[in-house]
Amino acid sequence: MPGQAPTAQAAAIFDFNGTLVTGEVWQAIESWMGGRSTWKRRKARMIARQLPVILASKVGLVSADFMVRRWMPAAWSTVRGMDERELAALVQHAWETVFRPSLREQVAEVVRRSKSDGHCTALVSATYEPFLQPVREALGFDVVIGTRVEVLDGQVTGRVLGDTVTGPEKVRRVTTMAQDADPPIDLKRSVAYADTERDLDLLQLVGNPVAVWPNDRLHQIARRQKWPIMRDAG
């Protein structure tokens, strides 16, 4: 009817690392850049600066979410000066050598089924956004939300734009996505898939949370909340 608000749609929202794939973007950066002396020096300085936070995270003095917020901008700073052509090659290298080989096919099938059921499919991750594009193309995600990186005049500056997409920022970006979608997304009818308690706020944001290969902490929470748990059959 004229003037009637559109019916809200449901979404299927997927975390990336540990949920859809087991590989990490840093593996791809190291294997691509590791033989270059300039990069080795940058890496050593970066790790030295981050070492107190790394150690504090390992013994539980700071949260994993805090660690990710510190690590992702610092790690990206090591590739500054790369041109757009090499960035594209690195992204393809990451897909071919790290992400595609570590893709959880069981979860990928859920993505495909969600699309066939008419859900808006979204991939939301702290991973740098360019590295999510091949995954989008392979699985047909409707929306991809990742940590944005700056490219100026064809050169990677080594800076991230805005906050790393983890914790509260991930929830904020998903909420904005839901509000801006046409038709809007009803998060209470939606499903979210994640593997650690770092995404607990995201899981609680939707009406249908699913723990995927959960770590011990999320496994405990999922059992207590009676959430579905996805992992290897048998």
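Figures for the structure shown
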quantity	calculated
Dimensionless Rg/Rh of the stretch 138-234 - Kirkwood Rh, Rg from C-alpha atoms	1.05
Crossing angle, helix 64-76 versus the chain [Cα axis fit, 0-90 degrees, rounded to tens]	50
Segments 8-14, 157-163, 18-24 sorted - mean Cβ within 10 Å per residue, highest first	8-14, 18-24, 157-163
Alpha-carbon gyration tensor eigenvalues x 5, square-rooted, for the stretch 185-230, Å	17, 10, 8
20 Å tail of the calculated P(r), the stretch 11-230, as % of Cα pairs	60
Members of 115/188; 58/226; 58/188 lying beyond 27 Å, as alpha-carbon distances in this model show	58/226; 58/188
Distant-in-sequence amide H partners of residue 192 (H built 1.01 Å from N, under 5 Å)	13, 208, 210
Between helix 37-58 and the chain: long-axis angle, C-alpha atoms, 0 to 90°, nearest 10	50
Loop-located trypsin sites (Lys or Arg not before Pro) in the stretch 1-66, at most 12 other Cβ atoms within 10 Å (DSSP)	36
Residues with amide H under 5 Å from that of residue 21, placed H, sequence gap 5 or more	104
Residue of 192, 28, 44 that the Gaussian network model of the chain assigns the largest fluctuation, springs spanning Cα pairs under 10 Å	44
Burial ranking of peptide ranges 213-223, 122-132, 164-174 (average Cβ count within 10 Å, highest at the top)	122-132, 164-174, 213-223
With Cα atoms, 0 to 90° folded angle of helix 84-94 axis to the chain main axis	70
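Where a number appears in this text, it was derived from the coordinates with a stated rule and is not lab data. Everything numeric in this text was worked out from a predicted model, so none of it was measured. Glycine gets a Cβ as well: all are built from the backbone with ideal geometry, and neighbour counts include every protein chain shown.
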